[in-house]
Every structure is written in C-alpha cells, then in structure tokens.
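Participant: I have a structure here, written as structure tokens, and I will follow up with some questions on it.
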Amino acid sequence: MEYLIHLAILIGIYVILSESLNLVVGYAGLLSVTHAAFYGIGAYATAICMTSLGVNFFLSLLIGIAVSVLVSVLMGFVLSRFRDDYYALASLGFNVIAFSVFLNWNALTGGAFGIPGIERPNFLGVVFSSPLAFLLLVAICVALVHLFSKFIVDSSFGRALKGIREDEEALRVFGYETHFYKLIIFAIGAGLAALAGSLYASYITYIDPTGFTINESIFILVIIILGGLANLKGSIAGAIVLVLLPELLRFIGMPNEIAAQMRQLIYGAMLVLLMLYRPKGFLGEYRI
Amino acid sequence: MLLPQLIANSLIAGAIYTLLAVSFSMAFRVTKFFNFAHGAIAAVGGYAVFFFLQAFATNAIIGIGVGILFAGVLGFLIEKCIYLPLRKRKSSNTVLLVASLGVFTIIEALLAILFSSQFQTLPSVFGLDATVEIFGAVLSGIQIVAIVASVLVTTGLVLFLRFTKFGKEIRAVSDSEEVSKIVGINTNALIGKVFLVSALIAGFAGMCAGFDTGIEPTMGLQLLLKGIIASIIGGLGSIYGGALGGFLLGFVENFGVWQFSGEWKDAIAFAVLILFLLLRPQGITKQ
C-alpha cells in the first residue's frame, strides 16, 4: 500500500511537470528542453529556504515559484529571439548552465552532495508527514494545476497561443504582441514546474543535482509527446504510463542500477519510435 | 598556471572540439538538422576502442582501427534506419532533432549498461601517454596526435569538398537537395556516405578524448555540445569555420577557467554560444 501511494505521489508530480511543459511545447509550439531546470530551481529554492532559513514549506514553495518565474523571464527574453531548432538548442543550453550552478555553487546548493534533511510540509501545526497525507496535498496541487491549465488553454489567451504556434506572422499582423504571449506562457510553465520541484524536495526530503539534468527534461518531453501535444488529458495519461512502466522492470527482478539505465533506454527508444510512427502522440492535436 | 601551458591546454581542447565541429558541420550541410546523437557516436568511438583494445590485445593498431570503424558504421546505420525513413516521410527538422535526442538517450543508457556508469581509463599503447616539453608546455603523445589530426582533417575536408566529385556533390546537395536529385545525384546514398565519414571523425575524436582524459557514458553530451557550439561560432556548415570555432572555444574556455575555476567550463561555453546566437547568429565566417 505504501508503495502504491509512493507511485501515486510520483505520478502526481510528473502530471504537474508534463501539463506545464505541454502549455509551452504543445500549445505555444516552443520546443523547450529546459523544464528540469525550473523543476530544480523550485526544489532547491524550497530546500534552501526550509533548511537554512527555517521558512515554512508553503512560504518556501511560493518563494521557489517566484525565483523560477524570475529566472524564466530572463531566459525568455533571450529565447524569444530563436525559433524551432535554435530554440531547442538554446533552451538545452540553459539546462546545462542551471545544472552546473546546482552542482558547483557549493555554498548555496551543497554541490554534488545536495541538501539533506528537508522537512515535510507543516500547515498551521498540521504536518503532512504520512504518505497518505502527502498524497492528499499532491492531489490538491494537481487538481489546481489542471484547472488552471485548462482555464488558460480555453481562454482567449490560449487561443492566441495556438494561433502563434500555427502562424506567428499572421497574429502579429493582427496586432498581437507575440513575444509577450510567448514570454508569459514560458513563465507560467516555469512557475508550475517549480511547484512540482517544491513538492518533490519536501517528499523525498533530500535533493541533489542529478535529478535535474537534461535527461530529466527529455523524459518530461517524452511524456507529453507520448500522451499527445496540446492535450492535457494526454499528459496525464503519459505521466501515468511512463512512471509505471519502469516499475515493471523492478518486478521482474532487475537490479536498481540497471533498472535506472533501462528506464532511460526505454524512453529514448520510445522517442525514436514515436517520431517514426506517430509524431502526434496518442491524443495529440498538434505535431511538431 | 604558466602561459605556455595554458596555450597548450587551449590547443588540445580546441583540437578535439574542431574534430567534432567539422564532422557535425559536414553532416549538417547535407541534412540541415541538429543531430544530437553526434556526441554519443564520439562516446561510442571511445568505448569501442576501449573494448577492441582488449579483444585484440596483441595488435593495438587493429584494436583502434576496428573501434573507430565501429563508430563510423553505427553512425551510418542510424542514418539508414532512422533519419532516412524520417526524411522520406517529409518530417520537419524538429522531428529529426527530437528523434536524435532519443538516439542520444539510447546510446548513453546502452553504454552505461554494457560498461557501467563508472569513469574508466583507456590502457596505454604506443607510449601515447609519454609526455614531451615544448616551449615550456607539457604535452602527451595523444594530445599531439589530436592537434595534428585536427589540422589534417580540416585541411583534408576542405580540399576534398573543393576538388573531388564527391565533394562537389556534397556542395550541390547542401545548396538544394531537390535540384541535386534532378541532375542525377543519388542524394540518399550521398548522405549515407557523409554520415559514415562524419561518424568516423567523431569516433576518432572520442578516442582522443578517451586516451587523454578517460571515458564515461555521459561524455557524449559534453562532446556534442562543444562540437555544436564550435560549429555555430564558426558558421554552421563551414568546415574551416568549424576549426576556427573549435580553437576559439578551446581558448575562451581555458582562459576563462584560469580566471574562474574548472567546474564552470560548460557554463562558459554556453554563455559564449548564447552571446553568439544573439549578436552574430551566422557565425564568424559567413556574411
């Protein structure tokens, strides 16, 4: 039972990550390969606030989101100059830079050793220490993120984003400040990824840089492409499938070290097969 | 650190980046997409040499040769089995890029499964780890090999593209694949050959990096990024620009490290890339 709750919490965290990335990649058509950087910024900001400054989890979470949004706006200014392949490359570059900051800014991030001893959330004396209580918290966050994302994509703002994705020039002719739209959706995606990072840090109670590499960004990308770009339900389904699939490897008795590599092998192969046979993913409404 | 050593270190790094940049650029010329698997091929080169040196323990030349050839053939097969079908389906460059990300992920995981994710060193052969002192800088045999090879490969490729029929066909395809087909060039066969040569050079670069510092599964990403960055700085698609970018990146990184510290190498390299993309996206050599 504990194990099932653990998986449900992980799925919840990945649903947040994939829905937020889908807003950027699927709806706005910006191929971002830097989502793990924001996930990491949220996790680190929360961990640092809680362990070094003794700030409450919920305040730390907000700080994490704020830092992530701030960084994403700065990045977004640079990224808004690029398109397609160059966008992917430059965003990947930001992930490398973020990773090297997590790894090398020892005084702040603890370097390769990371930050241990992060506490579980405490809300006015109610501590979400049991897995079930934490699952409840994650479920609430997932619901809020899903409703918020749904609200965005159904709004006129979301329709403008899809317009930009299909034909940016045309939207500009109609007087839309397309750069501004792209920057906003990128910042929203980053803020939501930071929320997932905060939850992860507090749940695992220990973070180190290896969780926030380019491979993690690619993994989130595989989730949304598998589920389908520009489809939020697809992202939920994708997260469930791709979090559970590697767990099967553990059931057939594969050692942990190999299982981690097999997981990477599987999602790499999945990416290639999807591109070859179904670039839209299963429920996709947009193809790259 | 002494200035001569600093210059030598920049040249060594620059040589390996140059090998990656020119091979990346050459493939980019005919396919026009960012092949993120290119660095992984270089890593395969390092590992294959590691493996075949043990398999052919009696003859190191064969070991090294088979290792590099293995990387080349793998590059060729990836083109035939994945990129070619995608191009036939008229997939966008972005789809090819995402597929190559997948290939990169697969190769990295496979290397870790087959050889463990630990850092390993290649055995010493032909006294390649012996050092000599030149103008007060200490260089090892493999480092000199890398520097010489980078110069030879660059000039060789430039001459090859200019004067041979194959080279002219490559230039034709890079201008327009459609028109090349019309005038009777078998473009798919040509692109296959280009991938083979490109992967051979990448495999060689991976071997140099392996002998020089050692091998680990994640080395491919490092090599790829430096190669892409160098070729963009120099001007994508230009061979001679790739060499210029490679050595420039080598110098910037090493002098930057002298100022800050070793761990920030990657961040410095990417800062240079982003500056270039913003200020001069066409690179140094192109107008």
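The values are calculated or read from the model by the stated rules, or taken from the named source; none is laboratory data. Computed from a prediction, not measured in an experiment: that's the story for all the values here. Don't worry about glycine lacking a Cβ; one is built from the backbone with ideal geometry, like all the others, and counts go over all protein chains shown. When the accessible area is computed, the model is the full protein with side chains, heavy atoms only, and any ligands, DNA or RNA have been set aside. Shrake-Rupley method; radii C 1.70, N 1.55, O 1.52, S 1.80 Å.
Participant: Per residue in segment A:74-100, which ones lose no less than 30 Å² of accessible surface when going from chain alone to all protein chains (1.4 Å probe)?
Facilitator: Those are A:Val78, A:Arg81, A:Phe82, A:Asp85, A:Tyr86, A:Leu89, A:Leu92, A:Val96, A:Ile97, A:Ser100, which lose 30 Å² or more relative to the chain on its own.
Participant: Continuing with this model, one more query. Whole-Hz ³J(HN,Hα) for each residue in segment B:105-122, computed from phi via Karplus 6.51 cos²θ - 1.76 cosθ + 1.60 with θ = phi - 60°, x for glycine and proline: what do you get?
Facilitator: Values, residue by residue: 4, 4, 5, 4, 5, 4, 4, 5, 5, 6, 10, 6, 8, 6, 6, 10, 10, 7 Hz.
Participant: How much area per residue is accessible in segment A:164-230 when the probe is 1.4 Å and only protein heavy atoms are counted (Å²)? Kindly include the intermediate steps, with their values, before the conclusion.
Facilitator: On the way: 2120 Å² over 67 residues.
With the other protein chains kept in place, segment A:164-230 gives 32 Å² per residue.
Participant: Another question, then. Identify the residues of segment B:148-189 with backbone N under 15 Å of a label point that sits 7 angstrom from the Cα of B:Lys88 along the Cα-to-Cβ direction, or state none.
Facilitator: Label zone hits: B:187-189.
Participant: Using θ = phi - 60° and the Karplus curve 6.51 cos²θ - 1.76 cosθ + 1.60, what whole-Hz ³J(HN,Hα) does each residue of segment B:56-62 get, with Gly and Pro shown as x?
Facilitator: Per residue, the Karplus-derived 3J(HN,Hα) values read 10, 4, 7, 10, 5, 4, 4 Hz.
Participant: With angles folded into 0 to 90 degrees, how steeply does helix B:38-55 sit against the dominant principal axis of chain B? Use alpha carbons for both and round to 10.
Facilitator: So the inclination is approximately 60 degrees.
Participant: For A:Trp105, what accessible area in Å² do you get when you roll a 1.4 Å probe over the heavy atoms of the protein chains, rounding to the nearest 10?
Facilitator: About 130 Å², ignoring ligands and nucleic acids.
Participant: Provide the descending list of Cα extents for chain A along its principal axes, expressed in whole angstroms.
Facilitator: Answer, in whole Å and largest first: 53, 44, 34 Å.
Participant: Next question. With a 1.4 Å probe and every protein chain left in place, tell me how much accessible area A:His179 has, in Å² to the nearest 10.
Facilitator: Answer for A:His179: close to 90 Å² accessible.
Participant: Then there's this: Going by alpha carbons, how many degrees (0 to 90, nearest 10) lie between the helix axis of B:187-212 and the longest principal axis of chain B?
Facilitator: Relative to chain B, helix B:187-212 is tipped by roughly 10 degrees.
Participant: Per residue, how large is the accessible surface of segment B:182-287? Use a 1.4 angstrom probe and give square angstrom.
Facilitator: 37
Participant: Between B:Gln282 and B:Lys181, how high is the FRET efficiency from 1/(1 + (r/R0)^6) when r is the Cβ-Cβ distance and R₀ = 35 Å? Nearest 0.05. Could the numbers behind the result be given before it?
Facilitator: On the way: r = 27 Å, r/R0 = 0.78.
According to the calculation, E is roughly 0.80.
Participant: So what's the gap between the Cα centers of segment B:1-75 and segment A:52-88, to the nearest angstrom?
Facilitator: 36
Participant: List the residues, sorted by chain then number, that are 5 or more residues from A:Ile207 or on another chain and whose placed amide H is less than 5 Å from its amide H.
Facilitator: A:Ile115
Participant: Excluding ligands and nucleic acids, what accessible area in Å² is computed for A:Glu169 using a 1.4 Å probe, to the nearest 10?
Facilitator: Accessible surface of A:Glu169 is approximately 100 Å².
Participant: Please list, or write none, the lysines whose alpha carbon is within less than 25 Å of the alpha carbon of B:Lys32, excluding same-chain residues fewer than 8 places away.
Facilitator: Result set, ordered by chain and number: A:Lys280, B:Lys80, B:Lys88, B:Lys90, B:Lys165, B:Lys168, B:Lys181, B:Lys193, B:Lys226, B:Lys286.
Participant: Now, a different point. How many Cβ atoms of partner chains, on average, are near each residue of B:274-281 if near means within 10 Å of its Cβ?
Facilitator: For this peptide, the per-residue mean of nearby foreign Cβ atoms is 3.
Participant: Cβ neighbours within 10 Å, averaged per peptide: list B:156-162, A:228-234 in order, most packed at the top.
Facilitator: On the way: B:156-162: 15.9, A:228-234: 23.1.
Top of the packing list down: A:228-234, B:156-162.
Participant: Now for a different question. Between B:Val132 and A:Ser156, what is the FRET efficiency for a Förster distance of 51 Å, r being their Cβ-Cβ separation, to the nearest 0.05?
Facilitator: Between B:Val132 and A:Ser156 the formula returns 0.15.
Participant: Right, here's the next one. Only four residue types carry charge here, +1 at the Cβ of Lys and Arg and -1 at the Cβ of Asp and Glu. Report the dipole size of the protein assembly as shown about the Cα centre in Debye, rounded to the nearest 20.
Facilitator: 1560
Participant: Enumerate the calculated ³J(HN,Hα) couplings along segment A:95-108 in order (Karplus 6.51 cos²θ - 1.76 cosθ + 1.60, θ = phi - 60°), each rounded to whole Hz, writing x wherever the residue is Gly or Pro.
Facilitator: Here the 3J(HN,Hα) series is 5, 4, 5, 4, 4, 6, 5, 4, 7, 10, 7, 3, 4, 9 Hz.
Participant: Based on the Cβ-Cβ distance of B:Ala189 and A:Leu273, what FRET efficiency does E = 1/(1 + (r/R0)^6) give at R0 = 41 Å, to the nearest 0.05?
Facilitator: For R0 = 41 Å, the calculated efficiency reads 0.95.
Participant: Over both sides of the A-B contact, add up the buried accessible area with a 1.4 Å probe and give it to the nearest 100 Å².
Facilitator: What A and B bury together is about 3500 Å².
Participant: Ratio of the protein assembly as shown's C-alpha Rg to 2.2 N^0.38 Å, to two decimals?
Facilitator: In units of the globular-protein estimate, the protein assembly as shown measures up at 0.98.
Participant: Given only helices, namely DSSP H runs of n ≥ 4 each adding -39500 (n - 2.57), what is the per-residue ellipticity at 222 nm of chain B, to the nearest 500 deg cm²/dmol?
Facilitator: Theoretical 222 nm ellipticity from helices: -25000 deg cm²/dmol.
Participant: Which angle between 0 and 90 degrees, to the nearest 10, do you get for helix A:214-227 versus the longest principal axis of chain A when only C-alpha atoms count?
Facilitator: 60
Participant: For the residue pair A:Ile258 and A:Ala139, what label-to-label distance in nm results when each label sits 7 Å from Cα along the Cα-to-beta-carbon direction?
Facilitator: 3.7
Participant: Amide H to amide H, which residues 5 or more places from A:Gly284 or on other chains are under 5 Å from it, using H placed in the peptide plane?
Facilitator: Counting only residues 5 or more places away or on other chains, the set is A:Leu229.
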